[in-house]
Amino acid sequence: MICAYPRRTESASVAPPTDSAKDSYDLGYGYMLRKDYALAEDTFQGFLKKYPTDRRAAEAEFWLGESLFQRQRYDVAAQSFLDMSTKYGSHVKAPDALLRLGQSLAALKQKEMACATFAEVGRKYPKAATSVKQGVEREQKRVQC
């Protein structure tokens with residue numbers, strides 16, 4: 001028997017429940033949790049354009065970078081992680097962004113810049129989470145810094 005209904009291969013974009021910064025951010029984060037990185041990218045880009053000074057802007061910038069990284073768009077992911085770590089250097093996600101920047105640079109075969117970025121994580125964030133420090137050590141070995 002042939003199915004009369006076409007199979008959906010892509011998720012449909014939905015509008016946030018309200019036009020608030022919180023709902024827009026939550027929608028983008030929900031897409032990240034579902035691993036729907038293209039919709040997360042679109043949502044976070046829209047969020048950052050509409051709410052550039054919102055308290056969630058730093059995290060939105062990080063998740064935008066992560067959505068790009070997961071889709072192997074390392075050049076624009078690197079830019080997003082760089083923006084996040086420079087604009088919001090004291091944010092709790094800044095060490096993670098710097099680690100991801102290094103990983104993006106390594107994926108782009110920019111070994112020297114990647115190694116310098118990994119070293120910067122420890123210098124700039126000596127109290128970074130253990131998971132970040134372990135990630136830096138693992139990446140330094142993998143890239144052969």
In the range 55-79, anything buried (at least 24 other Cβ atoms within 10 Å of the Cβ) and of a type in the set (Gly, Ala, Ser) is listed as Ala60, Gly65, Ser67, Ala77, Ala78
Flag if Lys109 is open to solvent by 20 Å² or more (accessible area, probe 1.4 Å), free of Cβ contacts under 8 Å to residues at least 12 places away in the same chain, over 30 Å from Asp19 (Cβ atoms) and of a type in the set (Lys, Arg): yes
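Conditions tested, residue by residue: (1) in contact (Cβ under 8 Å) with a residue 24 or more places away in the chain; (2) open to solvent by 40 Å² or more (accessible area, probe 1.4 Å); (3) of a type in the set (Ser, Thr, Tyr); (4) touching a Ser or Thr at 6+ places or on another chain (Cβ under 9 Å).
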| site | (1), (2), (3), (4) |
| --- | --- |
| Thr53 | no, yes, yes, no |
| Phe81 | no, no, no, yes |
| Ala97 | yes, no, no, yes |
| Arg123 | no, yes, no, no |
| Cys145 | yes, yes, no, no |
For Cys115, state whether it is touching a helix residue (DSSP H, G or I) at 6+ places or on another chain (Cβ under 9 Å) and part of a loop (DSSP other than H, G, I, E, B). no
Those residues that are farther than 23 Å from Pro52 by Cα and under 12 Å from the mean Cα position of the chain (by Cα), I need them from the range 75-110; list them, please. Leu99, Gln103, Ser104
Do we have any residue at all in the range 117-128 that's within 18 Å of the chain's Cα centre (by Cα), of a type outside the set (Asp, Glu) and at pLDDT below 95? yes
Suppose we keep only residues that are in contact with a Lys or Arg (Cβ under 9 Å, 6 or more places away or on another chain) and open to solvent by less than 40 Å² (accessible area, probe 1.4 Å) within the range 22-51. Which one would you say is nearest to Ser80 (Cα to Cα)? Glu41
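The values are calculated or read from the model by the stated rules, or taken from the named source; none is laboratory data. Since the structure is predicted, the reported quantities are computational estimates derived from the model, not experimental observations. When we count neighbours, we look across all protein chains shown, and the Cβ atoms used for this are built from the backbone with ideal geometry, even at glycine. The area values use the complete protein model at the heavy-atom level, side chains included, leaving out ligands, DNA and RNA. Shrake-Rupley method; radii C 1.70, N 1.55, O 1.52, S 1.80 Å.
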